[in-house]
Amino acid sequence: MRLAQISKRVWPLRVAYGILLLTACTTPTPAPPLAFPTSAPPTLALTSGATSAPTPTPPAIPTPGPRTFTIGLAAAPGTLDPAQATDESALLITRHLYEGLTAYEPGTTRVISALALSWDIGADGLTWTFHLRPDVRFSDRTPFTAQIAAANFERWLDRTPPGEYMFWRYMFGGFAGEADENGDPISLLAAVDAPDDLTLTLTLRRPDAALPATLAMPSFAMVNPAAFEGDKSFGGQNGASAGTGPFVLREWTSEGMLHLTRNPDYWGQPARPDELIFKIIPDDTQRLLALQVGEIEGMAHLNPKDYAAVTADPGLRVDFDPALSVLYLGFNQAHAPWSNLDCRLAVAHALNKPRYVQELFPADTDVAPAMQPPAVWGFDASPADRAHDPELARQHWAACVPAIGQRNVPDQITLYVPPVERSYLPYPGALGAAIQSDLASTGITVTVASPEWQLWLPDVYAGRADLFLLGWTGVNGDPDSFLCPLFCGTGASFNSDEQGNPLPPDLELAVRLASARAAPDAAQRDALYAQAHARIFDAVPAIPLAYRKTAWAYRANVTGNVPSPIEDVFFNLTFAP
């Protein structure tokens, strides 16, 4: 929201997560698309869309030797330096080599201990003391200490060696030496100290209760400084890995294969696979064929058109990661008539969300009753979602128009629809047409606009859209990363007139969200987010439409996978007997 700013550090983003990383905290660029068809469907009924089933895959024949699992990925990692990793493959693979102070509980977005056994928060909410796990070593046998942890934070803050460090900017707001227009430092981190080998102290410039969730992100994993200080090739094919994770990198070949082996000195429960291989197969069809013939045991980015074929094959199965994104319809409340609640309620009751999800999305999609997905803690879908009710929509519209004055209702209301598919919106044109039709049936006439993508977001920011379809993806599994970027009064509300004059945020909602970010107590945060969701429901600043899950395909005899909204890890994979 390019609005009266309540907080200076708010960053949108699943890269991992499926998310496209942003470089500025005021631009909510949606996630890059998965491999969906580029053309709009011929009709609304698309749910099956599957190709004819191939010959059933024969069951795998057990082979002697070490337990080796091969995972097919669509693209090679850009780097294996976790601090510089931004693409999905890099974030996935580095998670197996490196660890942070905290981690995500398997299958959830809740934070658990990792390299830090516990942590304390000072009374001011600014001082965080992390008590580190003893007897942890990097894969090169170097002991992990608080001094090494501090060196990692100093590296990120100082950008040494030079690099983008995009997730640091994304989550911490900036780097050492950078200041805002008032000359105040913009980085969330003010200081780092290691008073002894097992104690690390971080001092923040403003309270941020989401810090443990942020530190669980793979970008903030601990690396032996000897690797990034002395090896210019660190992160590349010829660079060494120096992490504390359950695997070590054995080989990264020029043919697009990364070979990991189990870390024999891992401090925690040993990984079940002896070897983990990531094989790069860019083509969706070829990747699925490799799975069918047993060349790989699992694959990312299963195309929705193949869901039915894989499900029907007794030798394969589909696992869905819970959604970490939301598709929503936004209002520009700087434009009449959307400052009026009845007008927004008219739209809310006009939309037939269940029909959209059933007929315009793959089978991996659920109707969204709230502005964050259920997998993110703090989710609250009470009261129940508003029903599709054209008559009630007409009543609200009839109450809205006299309240604002007929002359203030524009002759042309513009609905901005993305011109290209997004991961959360596979058929934007078809959905735009369906929304246009539902609004017309209640007396609301809109014109669909789909300028080319390079102009689309700038147009919306410049206040040229009245309504718009957009998606939002969380980054650290904390509700703050979903709700505050949209509703705290920063650069993502789109409530601007065509002269760039922003409206202030909904202060009641913004204050609750700011309080939730600062509250150190989890139960208190839960209660504040429940209040925030209730306020979003009552005020209707946006209408959540759909949540899309991410599909992985596996051989049917592979067990141990835990679908996760925020990370996919293969520590516990094994073969069924």
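No lab work stands behind these numbers, since they all come straight from the coordinates. Note that the structure is a prediction, hence the values are computed from the model and not measured. With ideal geometry, Cβ positions are generated from the backbone for all residues, glycine too; neighbour counts draw on all protein chains shown.
Highest mean first, how do 184-196, 203-215, 243-255 rank when packing is the count of other Cβ atoms within 10 Å averaged over residues?
On the way: 184-196: 15.9, 203-215: 21.6, 243-255: 18.5.
Those peptides, ordered most packed to least, come out 203-215, 243-255, 184-196.
Starting from the alpha-carbon convex hull of the chain, give the projected area averaged over all orientations, in nm².
26.2
So how long is each side of region 88-228 along the principal axes, counting just the alpha-carbon atoms, biggest first, in Å?
Per principal axis, max minus min of the Cα coordinates gives 45, 34, 32 Å.
Give the cross-link partners of Lys305 among the aspartates and glutamates, using a straight C-alpha distance below 19 Å as the criterion and excluding same-chain residues fewer than 8 apart.
Partners within reach: Asp283, Asp284, Asp313, Asp319, Asp321, Glu359, Asp364, Asp366, Glu421.
Could you sort 278-288, 344-354 so that the peptide with the highest average Cβ count within 10 Å comes first and the rest follow in order?
Going by the mean number of other Cβ atoms within 10 Å, highest first, we get 344-354, 278-288.
What does the highest-first list of 219-230, 399-410, 92-103 look like by mean Cβ count within 10 Å?
Details: 219-230: 21.1, 399-410: 13.2, 92-103: 25.2.
Sorting 219-230, 399-410, 92-103 by mean packing, highest first, produces 92-103, 219-230, 399-410.
Under a Cβ-only charge scheme (Lys and Arg +1, Asp and Glu -1), can you give me the dipole magnitude of region 166-300 about the Cα centre, in debye to the nearest 20?
Numbers: 9 positive and 19 negative charges, 40 e Å.
The dipole magnitude comes to about 200 debye.
Which FRET efficiency value, to the nearest 0.05, is calculated for Met257 and Glu391 with the Förster distance at 60 angstrom and r the Cβ-Cβ distance?
Numbers: r = 60 Å, r/R0 = 1.00.
The computed FRET efficiency comes out at 0.50.
Taking Cα centroids, how far is region 440-470 from region 335-356 in Å?
Using only Cα atoms to place each centre, the spacing works out to 14 Å.
Per q in 0.11, 0.13, 0.14 1/Å, what log10 I(q)/I(0) does a Debye calculation on the alpha-carbon atoms of region 325-550 return?
-0.52, -0.74, -0.87
According to a simple spin-label model (label point 7 Å from Cα along Cα-to-Cβ), what is the distance in nm between Ala226 and Leu289?
Computed distance between label sites Leu289 and Ala226 equals 4.6 nm.
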